[in-house]
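To start, the structure under review is shown below, and the notes come after it.
The values are calculated or read from the model by the stated rules, or taken from the named source; none is laboratory data. None of these values were measured; they are calculated from a predicted model. When we count neighbours, we look across all protein chains shown, and the Cβ atoms used for this are built from the backbone with ideal geometry, even at glycine.
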Amino acid sequence: MLRLFIGLVKGAVVGGAVGYGAYYLGLGGAFHWITYGLVGALVGLLCGRPLWSHLLDKSSTTWTAILKGIFGFGVGVGLYAIVAKAWGGFDLSLMDETRLVQDWPFVLGGAIGALYGAFVEVDDKPPAGADKKSDGAKKK
């Protein structure tokens, strides 16, 4: 349960940060595809067991994080397509302005990041030393 919460928070922070960067730069229209794909890719690289943790643990490879990032790009684009194209989005009023939810990239980016971050965090196996620590606690 804790890993789920950690994944939600990490994914929301990464997705919100990327979305805010796109909002600040004024990227809209066709750039939404790239923005939300980048949200998924970065969440895949940073959530769960991040890219650099594979350098310290010899039992897994760096390719795991890279594949999560590539798959995450597709997840981000796919969730954006579902919200914006299939569903049509909905109006959201923020900062005395009403736009469709996909036109607030820090909101939808945070939501996409939280969903995929929770999935990746729960799906990844715990670090190598965590199994030994939990076994020792059970034996006592």
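Hey, does segment 88-107 have a residue that's among the polar types (S, T, N, Q), farther than 26 Å from GLY26 by Cα and without any contact (Cβ under 8 Å) to a residue 12 or more places away in the chain? Within segment 88-107 (the criterion being among the polar types (S, T, N, Q), farther than 26 Å from GLY26 by Cα and without any contact (Cβ under 8 Å) to a residue 12 or more places away in the chain), the answer is no, since none of the residues qualifies.
Taken over segment 18-31, the residue count meeting the criterion of being assigned to a helix (DSSP H, G or I), out of contact with any Pro (no Cβ under 7 Å at 6 or more places or on another chain) and touching a residue at least 60 places away in the same chain (Cβ under 8 Å) is 2. Among the residues making up segment 70-102, those that are of a type outside the set (A, V, I, L, M, F, W, C), part of a helix (DSSP H, G or I) and in contact with a helix residue (DSSP H, G or I) (Cβ under 8 Å, 6 or more places away or on another chain) are GLY72, GLY74, GLY76, TYR80, GLN102. Per the listing GLY110, GLY78, the residue uniquely surrounded by 21 or more Cβ atoms within 10 Å (Cβ to Cβ) and modelled with pLDDT of 85 or more is GLY110. Looking across segment 35-56 at every residue that is touching a Lys or Arg at 6+ places or on another chain (Cβ under 8 Å) and not in a helix (DSSP H, G or I), the one that is modelled with the highest pLDDT is identified as CYS47. For segment 87-107, which residues satisfy the criterion of being closer than 22 Å to ALA41 by Cβ and either modelled with pLDDT under 90 or small (Gly, Ala, Ser) (or both)? Correct list: VAL101, GLN102, ASP103, TRP104.
Are any residues in segment 27-44 buried (at least 24 other Cβ atoms within 10 Å of the Cβ) and over 13 Å from VAL75 (Cβ atoms), and if so, which ones? Across segment 27-44, the qualifying residue is only THR35. Which residue out of ALA12, ALA65, ALA41 is more than 19 Å from TRP104 (Cβ to Cβ), among the aliphatic types (A, V, I, L, M) and under 10 Å from the mean Cα position of the chain (by Cα)? Just one listed residue meets the conditions, ALA41.
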